[in-house]
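So the structure is just underneath, and the comments pick up after that.
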Amino acid sequence: MAEAHQHIAALLSEERVFEPPPDFVAGALVKDRSIYERAEADYQAFWAKQAERLAWFRRWESVMDWQPPWVKWFVGGTLNASFNCLDRHVEAGGGDKVAYHWEGEPGEQRTITYKELLDEVSRFANALKALGVGRGDRVAIYLGMVPELPVAMLACARIGAPHSVVFGGFSSDSLRDRINDAEAKVLVTQDGGYRRGALVPLKANADEALAECPSIQHVVTVRRAGNEHAFTAGRDHWYHELIEEQIPDCPPEEMDAEDPLYILYTSGTTGKPKGIVHTTGGYMTAVTATHRLIFDIHDDDVYWCAADIGWVTGHSYIVYGPLANHTTSVMYEGAPDWPDKDRLWSIAERNRATILYTAPTAIRAFMRWGPEHPEKHDLSSLRLLGTVGEPINPEAWVWYWKYIGGGRCPIVDTWWQTETGCILITPLPGVIPLKPGSATLPFPGIQADVVDEEGNSVPLGGGGYLVLKRPWPAIARTIWGDPDRYVQTYFSKYGPDIYVAGDGAKRDEDGYFWLLGRIDDVMNVAGHRLSTYEIESALVDNPKVAEAAVVSRPDDVVGEAIVAFVTLKSGYEGDESVAAELREHVAKKIGKIARPHALIFTNDLPKTRSGKIMRRLLRDVARGRPLGDVTTLANAEVVEQIHDMVQTGARTEE
Ligand code: ATP
Ligand code: MG
């Protein structure tokens with residue numbers, strides 16, 4: 001279609017298609033597309049069928065009650081999330097199955113069965129009750145990737161106390177703000193964690209935060225590193241001492257389907273963190289169904305979601321989804337390049353992992369480090385790969401497919417958000433042909449669309465705003481303590497029945513969705529609305545480039561000029577001739593209009609702690625503005641370096 005009619009220009013065209021491999025299809029749970037038709041014919045009935053896979057104490061009276069924008073699912077039903085993750089499997093004779101193969105960064109290994117997990121969760125649930133935690137009380141959890149993290153979450157779920165997990169890499173200020181927003185009564189933390197061989201003093205950070213957290217009555221500390229820290233008598237307790245005093249039996253609370261299961265603050269790429277509230281029945285239904293169908297979960301799988309439980313990916317696809325499906329998971333505490341850049345591959349090999357789910361940022365790092373690291377290991381057990389977190393550049397996708405998947409594993413590129421609770425746009429790996437860089441199609445029962453400024457559906461081939469036009473069971477019910485912000489953020493642009501994701505997207509002629517990044521990142525160059533993702537992907541398409549971030553700065557001639565920050569693969573040096581080559585490459589790949597005006601070669605890019613490129617800060621740098629909020633940044637020093645480079649003119653301009 002003519003570009004002038006597009007809300008966001010769709011320039012990149014990716015021609016490669018990967019059909020589901022016949023071997024994979026032969027064993028797949030979903031082998032044909034009829035599931036899409038059935039779900040489309042009656043989406044409520046589809047979700048009700050998924051809900052029947054869970055154990056309910058009382059069956060719901062109606063599947064859905066929608067008073068836009070407010071929705072309730074499985075109204076009148078009661079259940080318990082921890083019972084669904086643990087007890088029912090143990091009662092059915094599955095207690096000896098491994099829930100987690102855990103590995104610490106220093107190298108120790110632990111195997112935890114479903115029965116052991118149930119016992120420990122029950123003990124800790126009793127301990128929380130003994131500390132005065134009851135239904136509806138909030139518990140903050142500030143832990144690294146240790147087995148006690150899922151234990152603490154499930155113990156909260158067991159007694160009906162919503163948890164608020166704060167990523168262990170966050171500072172004491174971030175922890176303080178989140179504790180105070182949720183008014184948590186108890187904090188669960190650990191003495192210290194390991195990251196790249198260094199000690200992360202979690203308890204000391206927590207103590208700093210707690211100086212300004214009046215709601216906290218008790219602190220439970222898990223002993224992990226054995227490091228010294230302060231101990232406040234009466235308030236502080238050791239986790240191991242508390243659970244020793246308790247019996248491994250704690251009846252699960254009967255929760256209403258709409259009772260909150262947890263609060264999780266979004267990573268804050270775009271501003272003040274929002275406490276996203278997920279409820280019990282709908283959330284459990286949707287994460288269990290999506291996990292099973294998208295990852296094609298079989299009884300003998302060894303599934304590894306390499307995210308951190310501190311993000312929603314870990315909540316839904318390390319804890320609640322996999323456990324509800326009685327899956328064996330791998331869980332790793334530390335950094336992927338510690339002590340060497342093949343750490344993940346050695347863990348995958350040793351555990352004979354069959355499914356790996358990670359993020360584009362990690363894949364681009366693997367690309368930068370080179371294929372010799374995975375090549376040292378036997379990864380033949382892998383049969384399915386996944387990605388989440390950012391749009392994946394086609395070259396990174398193909399690299400992942402070739403070097404990690406050995407050319408035999410489908411890749412599920414899964415689009416979703418903290419707010420959506422579960423994956424919404426994704427291939428089902430046994431039926432949907434894949435196109436590198438596309439999250440393909442909405443999950444059965446999901447109605448997604450791409451619309452223009454007025455809310456009209458943009459014809460296939462064009463770009464615009466991604467919206468969801470009907471509810472699904474795991475949608476966030478509100479923002480904690482701020483329902484107005486919930487309505488304002490997600491349901492005000494096109495009315496209360498249309499959820500606005502805040503991402504740009506285009507659909508190709510086959511109806512496939514291509515995510516174009518955040519709407520806030522879209523640039524206006526000479527009258528064209530360009531997405532950063534397509535220019536970045538064109539840059540990453542050049543064999544010298546590992547990663548790229550594109551932003552704009554005001555320009556008298558073209559309105560906004562394109563500034564590209566580029567990280568090259570190891571072995572390459574950025575200079576004028578590489579810059580010229582890259583400009584030419586972008587022009588050839590997507591058109592002259594998208595050629596970067598300025599190119600800056602950097603060793604790294606500023607990322608959020610969940611690994612996403614923070615274009616907002618690069619925009620500040622490119623425009624010579626003071627830097628915005630950097631508290632959610634993982635690598636603050638990088639912005640300083642880039643800032644200095646720009647100041648000293650270490651860039652190539654055209
Ligand atoms: P905040 O909302 O606080 O700024 P955030 O959006 O980074 O933080 P998340 O909810 O973890 O927090 O991330 C969801 C966003 O990540 C999506 O809106 C989208 O921009 C991006 N994303 C996730 N998965 C994909 C994917 N498969 N393809 C493209 N983009 C993705
Ligand atoms: Mg977001």
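The values are calculated or read from the model by the stated rules, or taken from the named source; none is laboratory data. Remember, it's a predicted structure, so these values are computed and weren't measured experimentally. With ideal geometry, Cβ positions are generated from the backbone for all residues, glycine too; neighbour counts draw on all protein chains shown. Areas reflect the complete protein model, heavy atoms only, side chains present, ligands, DNA and RNA absent. Shrake-Rupley method; radii C 1.70, N 1.55, O 1.52, S 1.80 Å.
At a glance:
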{"quantity": "Filter result (over 16 Å from Arg623 (Cβ atoms), small (Gly, Ala, Ser) and surrounded by 13 or more Cβ atoms within 10 Å (Cβ to Cβ)) within segment 557-585", "calculated": "Gly574, Ala579, Ala580"}
{"quantity": "Thr111 being in the same structural domain as Asp249 (by TED's automatic domain parsing) and open to solvent by less than 20 Å² (accessible area, probe 1.4 Å)", "calculated": "no"}
{"quantity": "Of the criteria (1) open to solvent by 10 Å² or more (accessible area, probe 1.4 Å); (2) away from ligand 1 (no atom under 16 Å from the Cβ), which one Ser610 fails", "calculated": "(2)"}
{"quantity": "Conditions (1) surrounded by fewer than 18 Cβ atoms within 10 Å (Cβ to Cβ); (2) farther than 24 Å from Asp23 by Cα; (3) among the acidic types (Asp, Glu); number of the one not met by Asp342", "calculated": "(1)"}
{"quantity": "Candidate set: segment 471-514, residues that are acidic (Asp, Glu) and open to solvent by 50 Å² or more (accessible area, probe 1.4 Å); chosen: the one nearest to ligand 2 (Cβ to nearest atom)", "calculated": "Asp482"}
{"quantity": "Tally of residues being at pLDDT below 90, in contact with a Leu (Cβ under 8 Å, 6 or more places away or on another chain) and in a strand (DSSP E or B) across segment 555-598", "calculated": "0"}
{"quantity": "Residue that is assigned to a helix (DSSP H, G or I), closer than 23 Å to Asp299 by Cβ and open to solvent by less than 20 Å² (accessible area, probe 1.4 Å), where the choices are Ala353, Ala348", "calculated": "Ala348"}
{"quantity": "Segment 391-431, residues that are assigned to a loop (DSSP other than H, G, I, E, B), surrounded by fewer than 21 Cβ atoms within 10 Å (Cβ to Cβ) and of a type in the set (D, E, K, R)", "calculated": "Arg408"}
{"quantity": "Restricting segment 448-460 to residues that are in contact with a Gly (Cβ under 9 Å, 6 or more places away or on another chain) and in contact (Cβ under 8 Å) with a residue 24 or more places away in the chain, the residue that is surrounded by the fewest Cβ atoms within 10 Å (Cβ to Cβ)", "calculated": "Glu453"}
{"quantity": "Odd one out for Ala306, checked against (1) within 16 Å of ligand 2 (Cβ to nearest atom); (2) open to solvent by 10 Å² or more (accessible area, probe 1.4 Å); (3) touching a residue at least 24 places away in the same chain (Cβ under 8 Å); (4) not aromatic (Phe, Trp, Tyr)", "calculated": "(1)"}
{"quantity": "Some residue of segment 419-435 being within 16 Å of ligand 2 (Cβ to nearest atom), hydroxyl-bearing (Ser, Thr, Tyr), under 22 Å from the mean Cα position of the chain (by Cα) and farther than 23 Å from Ser316 by Cα", "calculated": "no"}
{"quantity": "Restricting segment 38-55 to residues that are in a loop (DSSP other than H, G, I, E, B) and in contact (Cβ under 8 Å) with a residue 60 or more places away in the chain, the residue that is least open to solvent (accessible area, probe 1.4 Å)", "calculated": "Leu54"}
{"quantity": "Residue satisfying condition, being open to solvent by less than 10 Å² (accessible area, probe 1.4 Å) and at pLDDT below 95, within set Gly527, Gly517, Gly445, Gly463", "calculated": "Gly463"}
{"quantity": "Residues that are free of Cβ contacts under 8 Å to residues at least 60 places away in the same chain and open to solvent by 90 Å² or more (accessible area, probe 1.4 Å), drawn from segment 56-68", "calculated": "Arg59, Glu61, Gln67"}
{"quantity": "Some residue of segment 32-54 being over 26 Å from Gly282 (Cα atoms) and of a type in the set (Val, Ile, Thr)", "calculated": "no"}
{"quantity": "Some residue of segment 103-121 being assigned to a helix (DSSP H, G or I), under 23 Å from the mean Cα position of the chain (by Cα) and modelled with pLDDT of 95 or more", "calculated": "no"}
{"quantity": "Qualifying positions in segment 371-390 - open to solvent by 10 Å² or more (accessible area, probe 1.4 Å) and more than 16 Å from ligand 2 (Cβ to nearest atom)", "calculated": "Pro371, Glu372, His373, Glu375, Lys376, His377, Asp378, Leu379, Ser380, Ser381, Arg383"}
{"quantity": "Cross-chain or 6+ apart pairs with Cβ under 7 Å, segment 24-36 first and at positive phi, then at pLDDT below 95", "calculated": "none"}
